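K.L.:
This is the structure I have questions about; it appears just below.
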DNA sequence: CTGAAAGCGCTTACAG
DNA sequence: CTGAAAGCGCTTACAG
């Protein structure tokens, strides 16, 4: 019934007539500086037996002793959001390569939960934290910084904290550029939540480019919303109402889910996506290409962002100083903005 | 620069002129049986100071001492698969309620990775494991069982190991029933991968019901595939080719992603979803309802499945014996099978 | 090159 | 009700 106890350094040492410290040096690396941990022959015997017994260092003992957990906590608004799942996959992958362990927690994008989860992670003695849910309207990050817990942000910038994100403003401009080329002059924005800098920057870039082109986007056609399909749907309904007799000929939604909702709403207004009205999203979710009218979107290197964020955090933990990283987005044009069937 | 060292039991004990063991009893619970850990007054002083110092028990020391990590490892094929993300959210939620920590790892549904990840988790001294990627063609689970590591399966059954899943066969039958009622006699199945029992059981239930109704599904119209949209698309292409002059009037795909791919392929054959050809999926992914032609699907209580799986595992870890749980699925009828626009 | 010792922070019988 | 001790498995200066 009782599970077999895992082999310990002591067990190996005893069997070999050596001291546990020698075994430790061989198996888990000699202290800084020293070249070798033991004579070739001894090392060989130790390694062979360790292998045979399936020795795995006890991470709790190691962490307790070294005050390093090799653990990284990751906070995301919602793991079921594809974008975050992909970011996390990148983080996990890069962590594994460095021998770090990670865990994720959902914060539902609300502050009390963010706070509770952060405490939980710190309680687990993480070496560092990655926040994918940075908000502009909260002191949480400043407080964590004051406690000197190393952290970086990913995807969503906030404050001046180090972040790995895509150049959202540029992405917004790309969509504007594309729609301008297609001749759209009256456009609207499904702008996402105001507390998320991703949403704000994408909107800003888009609006800026349209202003430069001489077709400023009317304020009432820039409508904030949640990031999900329901949010996109509601925002679009309000846009249609505000626009009245002159509905926009193109819709920019700051993420793909909102874009799908926006398209649904437009369809209910009797508009054919890609023909009567152009719709563009952001993130280039795997589904964007698979929709009946494939969705024009801005591809964001989410997996790479996750990898880089972990790298940045590892640097920070290692005492190196770090700066933010901004990855270039890429416009992917599909039928939703180029005339459908 | 150096991060503030967290408060320890010793620090509290010293400040209060008490022994660390007394503080431990008060803060982290008295040993089994004992009613109280200390006199009311002492306990009060301890709790107050602990609060003030923001004491958090060091989990590594605790785990090292008790040989219990309160850690659960979860293995999923891919976290970016919405279904798995939702299952994991359920697991995490239930774990948090019990003071357990969880972490997820992707196994990409391939055996070497499953094996490597399992070793990694065991190396981290998990108290138990949850596999969401059980395969029928592998000895891995039997080996883990032989090592007496507690585990349960979720979503996908395999072997006779305890599992929390939905009644996939019943789900398949429900779809068949519905399509029969709509008058479909020539139907095909996008059957998913053969190594996944979910796929096999859904297919089996569907095929069984059609056989009972007197319209056996021709073998060449049951085509295995991957679970993703590409898989659905390819399987459907093969179905169309096999069917020749008599294409099926309805398509059952064993999950929603495959169904979306199937619909895409059908559309390219000039068929209008919901009118020329019915399409049904499985899982009722949040997107199913949002598609231009909303997708008929079988709702699976994925979040609840995750919660129950964690509960089962906790029982197992606690030494209680457990049995499998099968949750009822529910058919959600939408336009993709009831005639579209 | 190898050993001996101390100690990370906790829990838990055992005394008193 | 509280204290003293042992020990979980490891790492790391310090000797020799």
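K.L.:
Where both partners of a DSSP beta bridge lie in chain A, what percent of those bridges are antiparallel, to the nearest 5?
P.N.:
For chain A, the DSSP antiparallel bridge percentage is about 10.
K.L.:
While we're looking at this one, here's another question. When chain B is treated as a GNM, springs tying every alpha-carbon pair under 10 Å, which of B:169, B:47, B:186 comes out with the largest mean-square fluctuation?
P.N.:
The residue with the greatest mean-square fluctuation here is B:47.
K.L.:
Mind running the shape call on region A:194-248? Use the C-alpha gyration tensor, a ≥ b ≥ c as the square roots of the eigenvalues: rounded below 1.5 for a/c, prolate if a/b tops b/c, oblate otherwise.
P.N.:
Judged from the Cα gyration tensor, region A:194-248 comes out oblate (a/c at least 1.5, b/c at or above a/b).
K.L.:
Could you compute the FRET efficiency for residue B:242 and residue B:326, with r as their C-beta to C-beta distance and R0 at 25 Å, rounded to 0.05?
P.N.:
Step by step, r from the Cβ atoms, then E = 0.15.
K.L.:
Note the full-extension length gain between residue A:16 and residue A:211 as 0.36 nm times their separation in residues minus their Cα-Cα distance, in nm to one decimal.
P.N.:
Stretched out fully, the residue A:16 to residue A:211 stretch lengthens by 62.5 nm.
K.L.:
Another question, if that's okay. Provide an ascending nm list, one decimal, of label-point separations from residue A:10 to the equivalent residue in each further copy; define each label point as 7 Å from Cα along Cα→Cβ.
P.N.:
When each copy's label point is compared with this one, the spacings are 2.0 nm.
K.L.:
May I ask for the percentage of alpha-carbon pairs in region B:77-226 that lie more than 29 Å from each other?
P.N.:
Roughly 28 percent, once rounded to a whole number.
K.L.:
Then there is this: Please identify, among A:157, A:294, A:218, the residue showing maximal mean-square fluctuation in a Gaussian network model of chain A using a 10 angstrom Cα cutoff.
P.N.:
Answer for the Gaussian network model of chain A: A:218.
K.L.:
Follow-up question, since we're still on this one. Would you mind estimating how fast region A:1-158 diffuses translationally, via Stokes-Einstein at 10 °C and 1.306 mPa s with the Kirkwood radius over Cα pairs, in µm²/s?
P.N.:
Using the Kirkwood radius from Cα pairs, D works out to 87 µm²/s.
K.L.:
So, in nm, how far is label residue B:115 from label residue B:142 when the simple model puts each one 7 Å beyond its Cα toward the Cβ?
P.N.:
1.5 nm
K.L.:
Measure nothing but the geometry: give the 0 to 90° angle between the long axis through the Cα atoms of B:302-317 and the longest principal axis through the Cα atoms of chain B, rounded to 10°.
P.N.:
The helix B:302-317 is inclined about 50 degrees to chain B.
K.L.:
Hey, another quick one. So what is the relative contact order of region B:80-195, in percent, for Cα pairs below 8 Å that sit 6 or more residues apart?
P.N.:
It comes to 16 percent, rounded to a whole number.
K.L.:
Ordered shortest first, which distances in nm separate the 7 Å Cα→C-beta label point of residue A:146 from those of the other copies?
P.N.:
Relative to the other copies, residue A:146 has label-point distances of 5.7 nm.
K.L.:
While we're here: Using only the Cα atoms of region B:214-341, what do you get for the radius of gyration and for Dmax, in Å?
P.N.:
17.6, 60
K.L.:
Show that you can apply the helix-only estimate: for chain B, add -39,500 (n - 2.57) for every DSSP H stretch of four or more residues, divide by all residues, and state [θ] at 222 nm to the nearest 500.
P.N.:
-13500 deg cm²/dmol
K.L.:
Helix B:168-181: angle to the longest alpha-carbon principal axis of chain B, degrees 0 to 90, nearest 10?
P.N.:
So the inclination is approximately 30 degrees.
K.L.:
Okay, next question. According to a simple spin-label model (label point 7 Å from Cα along Cα-to-Cβ), what is the distance in nm between residue B:47 and residue A:333?
P.N.:
Output for this residue pair reads 6.8 nm.
K.L.:
For a paramagnetic label modelled at 7 Å from the Cα of residue A:272 toward its Cβ, which residues of region B:276-306 fall within the zone defined by backbone nitrogen distances under 18 Å?
P.N.:
The answer is B:276, B:292-293.
K.L.:
Assuming a ≥ b ≥ c are the square roots of the Cα gyration tensor eigenvalues, decide whether the protein assembly as shown counts as rounded (a/c under 1.5), prolate (otherwise, with a/b larger than b/c) or oblate.
P.N.:
oblate
K.L.:
So how many Å³ per residue does the convex hull of the Cα atoms of chain B work out to?
P.N.:
Output value, Cα hull per residue: 181 Å³.
K.L.:
I would also like to ask the following. From the label point of residue B:112, set 7 Å along Cα to the beta carbon, how far off in nm is each other copy's matching point, shortest first?
P.N.:
Shortest to longest, the spacings are 4.9 nm.
K.L.:
Between A:204, A:288, A:11, where does the largest GNM mean-square fluctuation fall for chain A, given springs only between Cα atoms within less than 10 Å?
P.N.:
Residue with maximal mean-square fluctuation among A:204, A:288, A:11: A:11.
We did not get these values from a lab; they are worked out from the coordinates using the rules stated. Bear in mind the structure is a predicted one, so any value in this text is a computation, not a measurement. All Cβ positions, glycine included, derive from the backbone under ideal geometry; neighbour counts span all protein chains shown.
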